[in-house]
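The values are calculated or read from the model by the stated rules, or taken from the named source; none is laboratory data. As the structure is a computational prediction, the values presented were derived from the model and not from experiment. Cβ coordinates were reconstructed from backbone atoms using ideal geometry, including for glycine residues, and neighbour counts include every protein chain displayed. We work out accessible area using only protein heavy atoms, side chains counted, and drop any ligands, DNA or RNA first. Shrake-Rupley method; radii C 1.70, N 1.55, O 1.52, S 1.80 Å.
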Amino acid sequence: MGGSRVSLKLRRDHRCGQLGLDKVGQTVCLAGWVNVVRDLGGLIFVELRDSTGKVQLAADPNKNKEVHDVFVNLKNEYVIAVSGVVTARPEGTSKDGAQTGAIELYPTVCEVLNTAKPLPFQLDQGEKVDEALRLKYRYLDLRRPEMSGNLIMRHRITQAVRRYLDTEGFIEVETPILCKATPEGARDFLVPSRLNPGSWYALPQSPQLFKQTLMISGVDRYYQVARCFRDEDLRADRQPEFTQIDMEFSFVDEEEVMRVTEGVLVDSFACAGIELKPPFRRLSYADAMGLYGSDKPDLRFDLAFKEFTSVAKACSFKVFKDTAESGGQVKGIVLPGLAESVSRKMLDTWGDYVKSVGGKGLAYMCFGKDGMRSSGLDKHLSPEEIEAIKKLAGAGVGDVILIVADKPKNVANVLGRFRLKLGEELGLIDETRHELLWVVDFPLFEYDEEEGRLMAVHHPFTSPRVEDMDKLESDAENVRARAYDIVYNGCEIGGGSIRIHNQEMQSRAFSAIGLTRETAQEKFGFLLEALESGAPPHGGIALGLDRMVMLLCGCKSIRDVIAFPKTQSGACPMTSAPSAASSEQLDELKVYNKLDKAAGAKGEKVAEKIS
Ligand code: ASP
C-alpha cells in the first residue's frame, strides 16, 4: 500500500462536482476521500468525495486491473487521487439528482495519498451520533456534506453582505478584541494583563462603543463581521462567542437603517433561494405584545389576541370582574371552525398547559351548532355578555374562544406561549412562508425587579424619541426608544437603534438608570468625551449571523453552522478548552487559582509581590 505519500504523479485538474455528461470522453484527474467502497466480488465501486460532490469510480479486473488491485485495499476515508476517462453510466444505473450521477470513471491510475484509521463514527450516520462525539472529532463531522454545506452557505451569505454593504458605501473596520467592558448587559469574559498586573481586559460583548467612536472619527458608514463574547448560560441558539454583522451609519434616521438592513437581508436570503420583498411589515412593541404576547411574534400564522376587558369590567363573574377592575386584562384567542372537533380532553390539556406556564387557568366557549359548550361561563355570564364577547372576538357559530384573565404582563406571556403552542399543535404554521417583521417603539427603560431599578432595554446609548424626551425624568418608564428589532419567523435576528449623540442627553439617560457621573465616566469616559467633540447624529444595527445562517440552512442548532462551536457547558471537546493554566503562567500573570488548595499560600505571596 505504501502508506501516505504526497503524489507528484497525479495532479488534480477537476473537482467531482464539475463532472457531468458534457465531460464524457475527457481524461480527468480527481482527488478526494473514499466515501464508500462496494466490493461486488469482481467489480469494485468506490464513491469518491471532495468538497464539491461525489463521483462513482469503478474497477474491473478485466478492464483496469492495476487500479482494481489498489481498490481492493481501500477503506472509508482513505485519501486518493485517480485519473481516467469520464464515461456515461450504463442506462438504468444513473442516479437522479446530482449531475455527477450520470457519469462514472474507470480510472487508469489510482494513487493512495493517505490512509485513515477506523472512524469513531460513520459519516453517513452523523445525524444520529451523539453531538459530543461529533464535536470531539469535528474534522470528521465537517466532512459530512450537510455540515460542509452549512459552512459554504455561511460563506456565501457573508460574501453577499460584504458585496452589498460595499455598494452602499460602508467600509469594514476591525475593532479590538482585548478591550474594556462594553454595555450590552451580559457577563464579561476577562483576560488578565501580564504587563499591568491586577488589570483585566474584557472581551467585547459587541463593538458598540468602538463603532460609535468611529462615527465621531468621521468614518461615515462602518461595518464588521464582528466576533462578540458574552459569558451567559448557553442555549441551543446561543454561543459564548458569536458573530454579528455589525453596522453603524452617520447622519441617519431609522428609515435609512431599515432600508439598508432590508437590502442586506434580501441578498442574504437570496443565497438560500428565498425571495424577500421589502419593505417589511412593522409593528410597535405595544402592538406586538398586545396582539401576540411577544416582542418577536411569529407571523406565519394569525391567532391574534382579542380583548374582552371592557365586558369583564361590567360583568358579574368575579374572576373576570376583579381582574379587570384591578388593572388586569381579559383576553383570548379565537380558533375558527373548531367548535365541534375540539374535545374536552384537548381543552383540559390546554388548561393544564396554561397553568404550567404561569397562567391562572383557561376559560373557553365553543359555539357549536346546537348551542354553547363552555368552562361554566354560561353560569357566570349573561347571554348579552356572552354575545358581547363573541362580537369583540369576531367569532360565530363553529368557533372556539379561549380566554385568560390576569395582569397584563402575565396575559402577554401566557397567551403568547399558548399561541405558539396552538400554532404548532394545530398545524397552523406554514413552513413555506418567510415573515420578516420590524418591531419598533420599544420602551427605553424597563424596571428590573432583581436590580430594583430601571435598566436600558437596548443599551444606554439608545436615543429616546424626540416627543418623549421631556418624560426622561418625570415618567421614564413611558419613554419610547428609537430602537428597532428585526424578526424572522418568530426569531429575533437583529436589533439596533438611533443613538444619543450629545453629552447632555447621554447624562440624562445615565441618571435615569441610576448610573452616577463617576461610574459612567469610569465605564465609558472616552465615549462621553468624544460626544463633546462634534459627534454626528448616528445609529446602527447588528444582525446575528449565526442565528440567521442557522435558520436559512434549516438547522435546529446554532452549533451546526459554526465550524468549531462550544458545548452547552462552554467547552470545546476537540481542543479540550477551557483547561488549567500552569502555575508558571499564573505566576507571570500575578493571578492565583482559588480552587487550588495550595494556592492560598501562593496567592498571598503574589499579593505581596503586587503591593
Ligand atoms: N450593539 C448592539 C447589540 O449587540 C446592536 C446595536 O445597537 O447596533 O445588540
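Before moving on, here are some points about what is shown:
- Charge dipole (Cα centre; +1 on Lys/Arg Cβ, -1 on Asp/Glu Cβ; no other charges) of the chain amounts to roughly 1720 debye.
- Selection from P145, A535, Y484, by position along the positive dipole direction of the chain (Cβ): P145
- Residue (of A304, Y353, L377) at the positive-pole extreme of the range 289-395, dipole from beta-carbon charges: Y353
- Mean projected area in nm² (Cα convex hull; one quarter of hull surface) for the range 451-609: 15.4 nm²
- Solvent exposure of the range 27-91, expressed per residue, is 44 Å² of accessible area, with all protein chains present and a 1.4 angstrom probe.
- Protection-proxy order for peptides 517-524, 333-340, each taking the mean of Cβ atoms within 10 Å per residue, highest first: 333-340, 517-524
- At a probe radius of 1.4 angstrom, the accessible area of the range 347-421 per residue rounds to 48 square angstrom.
- Accessible surface of the chain, 1.4 Å probe, proportion on carbon and sulfur as whole %: 50 percent
- Translational diffusion of the range 90-193, estimated by Stokes-Einstein from the Kirkwood radius over alpha carbon pairs at 20 °C in a medium of 1.002 mPa s, is 108 µm² per second.
- For the chain, the longest principal axis of the Cα atoms and the long axis of helix 254-271 meet at an angle of about 30 degrees.
- Proportion of all alpha-carbon pairs of the range 386-443 beyond 16 Å (%): 66 percent
- Solvent exposure of the range 458-611 amounts to 50 Å² per residue of accessible area, where only protein heavy atoms count and the probe is 1.4 Å.
- Shown in residue order for the range 545-559 are the 3J(HN,Hα) couplings computed by the Karplus curve 6.51 cos²θ - 1.76 cosθ + 1.60 at θ = phi - 60°: 5, 4, 5, 5, 5, 4, 5, 6, 8, x, 8, 8, 10, 5, 5 Hz (x for Gly and Pro).
- Order by protection proxy (mean Cβ within 10 Å, highest first), peptides 558-567, 321-330, 535-544: 535-544, 558-567, 321-330
- Longest to shortest principal axis, alpha-carbon extents of the range 461-521, angstrom: 41, 25, 19
- Rg over Rh for the range 1-83 works out to 0.94, using Cα positions for both radii and the Kirkwood form for Rh.
- Cα-only Debye scattering, the chain: base-10 log of I(q)/I(0) at q = 0.06, 0.10, 0.12 Å⁻¹: -0.49, -1.08, -1.24
- Average projection, convex hull of the Cα set of the range 307-400: 5.7 square nanometres.
- Compactness of the range 226-285 as Cα Rg over 2.2 N^0.38 Å, two decimals: 1.42
- Translational diffusion coefficient (Stokes-Einstein; Kirkwood radius from C-alpha pairs) of the range 101-259 at 25 °C, 0.890 mPa s, in µm²/s: 123 µm²/s
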